[in-house]
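Reading through the structure tokens given below for one structure.
The values are calculated or read from the model by the stated rules, or taken from the named source; none is laboratory data. None of these values were measured; they are calculated from a predicted model. Virtual Cβ from ideal backbone geometry, glycine too; neighbours counted across all protein chains shown.
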Amino acid sequence: MTKQAIITFENVTKSYGDTQVLKNVNVEIEKGKFYTLLGPSGCGKTTILRLIAGFTELTSGTITLNGQEVQELPPNKRKVNTVFQDYALFPHMNVFENIAFGLRLKKLPKDVIQEKVSEALKMVRLSGYENREIAQMSGGQQQRVAIARALVNEPEVLLLDEPLSALDLKLRTEMQYELRELQQRLGITFIFVTHDQEEALAMSDEIFVLNQGEIVQSGTPVDIYDEPINRYVADFIGESNIIPGIMKEDYLVEFVGKEFECSDAGMRPNEKIEIVIRPEDLTIKPVNLGKLNVEVDTQLFRGVHYEIICYDEVGNEWMIHSTKKAEIGSKVSLDFEADDIHVMRFGESEEEFDARLESYEDEVEVDE
């Protein structure tokens, strides 16, 4: 466990009968960071939250909170609070009463409750709303009340289970900024669950990408976007062009029958691989003036760019994001840099992936 780790999962498994929801999960959560559990429905991300909160018992493995095993620790003894997807506010109580509910269960003095609720409302910018009825508040305001109710208990970890999913797009974006700013201001650990990759990229210090009960990749948003470990991650995080290829040798890859310089190494000569190039990394040039000729098939205007679909000579589909229109049916050339090509090996684990990256990054440092 690292010096700043607040939560650890060691070989954690969770099963319901014959259904395994989590498979040998190992996680380290540091104090004061914003973490996101990202994945589709049923991948196990909410189960991880429930295990941390104490709402679910693990099947095997160990979970620690501040170095203490929590298997026998009831939820009310853990310095953890949860904001649920539906907020779970009490409609018959006003804002003050909702936030004060947990404090009253602890039988705190009235003046202490008043002070703590006022401070929590100030944190979420709802000062003056104490007497407002829940039904009179917007979705964004209700979410802030739910967050204030969680924060008033002074948790070390705040768990957020898809709390933005019911909001419209504009409000959702605003709340992303507010949640991130709040976490940075308070300095406590946030663990956020979502299936929205843009949300994860925008808000997180670190992302755990889950698939079928396993963490397939973890890292910063930039690391995961720029260096996806496999097709699943590349597809799930942003738009991707994924093309079959061959790793000829270190820093040289072949696809569509042509060889290109790249920035990857550490593989077997002539190993079959897949390459990823992001749509925004492709530039359209006149035919034969780029690295790869394609034919324009369709295009859609997406507001900030055109989404252009092309096909190369062997039938691979290419998506390009460009601020300039293309002519449907025309032949054009795609240009890209060596650093824009990311190589993915089949069946590579995250440990093997990290070790390979470190090995040739060290080589580059030595050469310099």
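See the values below:
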| item | result |
| --- | --- |
| Answer from V117, V95 - the residue that is within 22 Å of R172 (Cβ to Cβ), of a type in the set (V, I, T) and at pLDDT 90 or above | V95 |
| Number of the condition not met by R144 [criteria: (1) at pLDDT below 90; (2) out of contact with any Asp or Glu (no Cβ under 9 Å at 6 or more places or on another chain)] | (2) |
| Residue selected from the stretch 57-106 under the condition under 21 Å from E119 (Cβ atoms) and of a type in the set (D, E, K, R), by the criterion nearest to the chain's Cα centre (by Cα) | K79 |
| Residues of the stretch 126-154 satisfying the condition of being more than 32 Å from the chain's Cα centre (by Cα) and in a loop (DSSP other than H, G, I, E, B) | G128, Y129, E130, N131, R132 |
| Selected residue (only one of I99, I134, I113, I63 is in contact (Cβ under 8 Å) with a residue 12 or more places away in the chain and touching a Pro at 6+ places or on another chain (Cβ under 9 Å)) | I134 |
| Unmet criterion (only one of (1) over 9 Å from the mean Cα position of the chain (by Cα); (2) free of Cβ contacts under 8 Å to residues at least 60 places away in the same chain; (3) crowded, with 16+ Cβ neighbours inside 10 Å) for N211 | (2) |
| Residues of the stretch 234-244 that turn out to be under 14 Å from D340 (Cβ atoms) and over 21 Å from the mean Cα position of the chain (by Cα), as a count | 1 |
| Residue list for the stretch 294-316, filter: closer than 17 Å to I242 by Cα and surrounded by 17 or more Cβ atoms within 10 Å (Cβ to Cβ) | V294, I308, I309, C310, D312 |
| D86 vs. criteria acidic (D, E) and closer than 26 Å to L51 by Cβ | yes |
| Matching strands (runs of 3 or more DSSP E) fully within the stretch 215-285 where at least 3 residues are of a type in the set (D, E, K, R) | 258-261, 271-277 |
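Matching residues to (1) of a type in the set (S, T, N, Q); (2) outside the structural domain of K33 (by TED's automatic domain parsing); (3) crowded, with 16+ Cβ neighbours inside 10 Å:
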residue: K122; (1), (2), (3): no, no, no
residue: L126; (1), (2), (3): no, no, yes
residue: I134; (1), (2), (3): no, no, yes
residue: V145; (1), (2), (3): no, no, yes
residue: L151; (1), (2), (3): no, no, yes
residue: E154; (1), (2), (3): no, no, no
residue: R172; (1), (2), (3): no, no, yes
residue: T189; (1), (2), (3): yes, no, yes
